[in-house]
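The values are calculated or read from the model by the stated rules, or taken from the named source; none is laboratory data. Here the structure is a predicted model, which means the values were calculated and not measured. Using ideal geometry, Cβ is built from the backbone for each residue, glycine included, and neighbour counts are taken over all protein chains shown. For the accessible areas, the whole protein counts, side chains as well, though only heavy atoms, and no ligand, DNA or RNA atoms are used. Shrake-Rupley method; radii C 1.70, N 1.55, O 1.52, S 1.80 Å.
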Amino acid sequence: MWRALLVFSLAGKAVAVVLWSFSSFHWGAAACFFLPDLPILYQVFVPSSQILCRVFTRFDTPRQEVWLTIDDGPHEEDTPQILELLDRHGARATFFLIGERAERHPGLVSEILRRNHEVGHHTQTHPVASFWCASPSRVGRELDDALRVFERGGASPRWFRAPVGIKSLFLRSALRARGLACVGWSVRSLDTVSRDPDRVASRVMRSVRPGSIVLMHEGRSLDSGVRVKALGRVLDGLAERKMACVVPRPEQLR
Ligand SMILES: [Zn+2]
């Protein structure tokens, strides 16, 4: 599909060159040159866009349950505390781990699995600034290097989450070749930009519905006042509403 978007963009540029050469229709030429790039930019940078790569953003369920996903770990201080919190609430979660961090903390990967949670794939190096323009071989390395790390820890991820939800042009085929599917979110906690755990929790609780995929984080990207505490408040809020945290089956995802 990225090829069709590219052809559309190049065709617009060709029309623009013709218009600039043979007419005085300058605004029209500029529009033909730049506007066809907007669909590509939308597909790459909008996390819930679906054409470059199918992204699951919720799951079907008749029950009061949500999918809690925790990105950017493992982290030597946060992950053990989060595991304790989840145990205390009888909650299951998926940890979208970064390969190079998992390599530093292999024991945490096996501990996540031992406590009956799931490991998801969040690239090897979390290349926020460059993933969107990465070549096919670079995308492959980000996936394969992390897969090797996760396999050493006993994990075989089914799900992939792009860094900050930004996709690469070549992501769809790279994921398919490795049996991975892309998961986004329906509720964003914004815990990476907040300093107040109560605000993070109330933002989540305002938006959460049965079948929501809740996005939270661990590690140094969080303010010290928010780390782990925000997740505790969210778990308390979900318990008050009698909502369970589950890991959905693949066929439930939408
Ligand atoms: Zn991330």
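Does residue 79 satisfy the condition of being in a loop (DSSP other than H, G, I, E, B) and within 16 Å of the ligand (Cβ to nearest atom)?
Details: in a loop (DSSP other than H, G, I, E, B): no; within 16 Å of the ligand (Cβ to nearest atom): yes.
Judged against the criteria, residue 79 is not a match.
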- Task: Answer yes if at least one residue in segment 115-133 is free of Cβ contacts under 8 Å to residues at least 12 places away in the same chain, over 17 Å from the mean Cα position of the chain (by Cα) and in the same structural domain as residue 245 (by TED's automatic domain parsing), and no otherwise.
- Result: no
- Residue hits (segment 41-93; open to solvent by 40 Å² or more (accessible area, probe 1.4 Å), within 13 Å of the chain's Cα centre (by Cα) and under 20 Å from residue 249 (Cβ atoms)) are 54, 58
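Name the residue that is most open to solvent (accessible area, probe 1.4 Å), counting only residues in segment 177-219 that are in a helix (DSSP H, G or I) and aliphatic (A, V, I, L, M). Break it down stepwise before answering.
Filtering segment 177-219 for residues in a helix (DSSP H, G or I) gives 177, 197-207.
If we keep only those that are aliphatic (A, V, I, L, M) as well, we get 177, 200-201, 204-205.
Working: 177: 82, 200: 0, 201: 10, 204: 1, 205: 26 Å².
It comes out as 177.
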- Task: Report yes if some residue within segment 81-99 is closer than 30 Å to residue 158 by Cα and among the basic types (Lys, Arg); otherwise report no.
- Result: yes
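Among the residues of segment 91-103, how many are part of a helix (DSSP H, G or I) and within 16 Å of the ligand (Cβ to nearest atom)?
4
Among 202, 194, 207, 173, which is the only one that is more than 18 Å from residue 127 (Cα to Cα) and touching a strand residue (DSSP E or B) at 6+ places or on another chain (Cβ under 8 Å)? Full working, then the answer.
Values: 202 fails: touching a strand residue (DSSP E or B) at 6+ places or on another chain (Cβ under 8 Å); 194 fails: touching a strand residue (DSSP E or B) at 6+ places or on another chain (Cβ under 8 Å); 173 fails: touching a strand residue (DSSP E or B) at 6+ places or on another chain (Cβ under 8 Å).
It is 207.
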- Message: Considering only residues that are among the hydrophobic types (A, V, I, L, M, F, W, C), more than 16 Å from residue 100 (Cβ to Cβ) and either away from the ligand (no atom under 16 Å from the Cβ) or assigned to a helix (DSSP H, G or I) (or both), which ones fall in segment 140-176?
- Response: 164, 169, 170, 171, 174, 175
- Residue hits (segment 122-138; away from the ligand (no atom under 16 Å from the Cβ) and not in a loop (DSSP other than H, G, I, E, B)) are 133, 136, 137, 138
